[in-house]
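Visitor: Right, I'll just put the structure down here and ask away after.
The values are calculated or read from the model by the stated rules, or taken from the named source; none is laboratory data. Note that this is a predicted model, so its numbers are computed, not measured. Note that we place each Cβ from the backbone using ideal geometry, even for glycine, and neighbour counts take in every protein chain shown.
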Amino acid sequence: MPVMSSRLIKHQICIEELRQLGANVVSIQGVMFYVKFKINDTKVSYMYHIKTDNTYYLERIKPYFMAIGDYKSEEDVIDIIKIDLEQFKNAMNSKNFNEFIAVDKSISKLVRYFEDLYLYYNVSKDDLGIIKDEVNVLLDKILEIKSRSKRVYHKKEPESFK
């Protein structure tokens, strides 16, 4: 009779909790997990894996890629996924939701373009300065818009505005 460790039992309970939230959970060799939801017409999916030190690394795959972070326990991963889903459901109430997703995808594309630029090309210091200045303008614009926008989610503090 096989014996399951308490960690595996606890993780199985977490997978069941995700399934109760409506997720399709796919295990990849027992250390990586693909978690898929469909909310209205929007696919929201995550990938997390158990690291060698028994901590967890979580990233959102859809509707756009976002590294979410490292967590100490399965429960932390589940809690963050629940909050993220709740935030997406709330954001879907906005008539601008599809435009937000499109802009976020463009920003992700921008990051990829920039990486390819410096990995494949010898970029001058002046050109790098131009890009840096433009990025700073965009960051300042986001903070300006935040300051005049009504906050709609209060159960968790935003990570990036600290």
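Visitor: Pairs under 6 Å by beta carbon, first residue closer than 15 Å to Ile61 by Cβ in the range 108-120, partner surrounded by 13 or more Cβ atoms within 10 Å (Cβ to Cβ), six or more apart or different chains?
Guide: Going by the 6 Å Cβ cut-off, the qualifying pairs are Ser108/Tyr64; Ser108/Phe65.
Visitor: Can you name every residue in the range 113-162 that is in contact with a helix residue (DSSP H, G or I) (Cβ under 8 Å, 6 or more places away or on another chain), among the aliphatic types (A, V, I, L, M) and within 24 Å of Gly69 (Cβ to Cβ)?
Guide: Answer for the range 113-162, where residues must be in contact with a helix residue (DSSP H, G or I) (Cβ under 8 Å, 6 or more places away or on another chain), among the aliphatic types (A, V, I, L, M) and within 24 Å of Gly69 (Cβ to Cβ): just Val152.
Visitor: Across the range 80-130, what is the number of residues that are assigned to a helix (DSSP H, G or I), of a type outside the set (Gly, Ala, Ser) and more than 25 Å from the chain's Cα centre (by Cα)?
Guide: 6
Visitor: Now a separate question. Condition first: within 16 Å of Asn54 (Cβ to Cβ) and surrounded by 12 or more Cβ atoms within 10 Å (Cβ to Cβ). Now tell me which residues in the range 18-34 satisfy that.
Guide: Hits for the range 18-34 are Met32, Phe33.
Visitor: Further question: Which condition from (1) modelled with pLDDT under 95; (2) over 27 Å from Ile39 (Cα atoms); (3) not hydrophobic (A, V, I, L, M, F, W, C) is the one that Asp133 breaks?
Guide: (1)
Visitor: Take the conditions assigned by TED's automatic domain parsing to the domain that holds Gln87, of a type in the set (Val, Ile, Thr), at pLDDT 85 or above and exposed (fewer than 13 other Cβ atoms within 10 Å of the Cβ) and apply them to Ile15. Does it pass?
Guide: It is false that Ile15 is assigned by TED's automatic domain parsing to the domain that holds Gln87, of a type in the set (Val, Ile, Thr), at pLDDT 85 or above and exposed (fewer than 13 other Cβ atoms within 10 Å of the Cβ).
Visitor: For the range 58-80, what are the residues that are modelled with pLDDT of 95 or more and under 16 Å from His11 (Cβ atoms)?
Guide: Hit for the range 58-80 is Leu58, nothing else.
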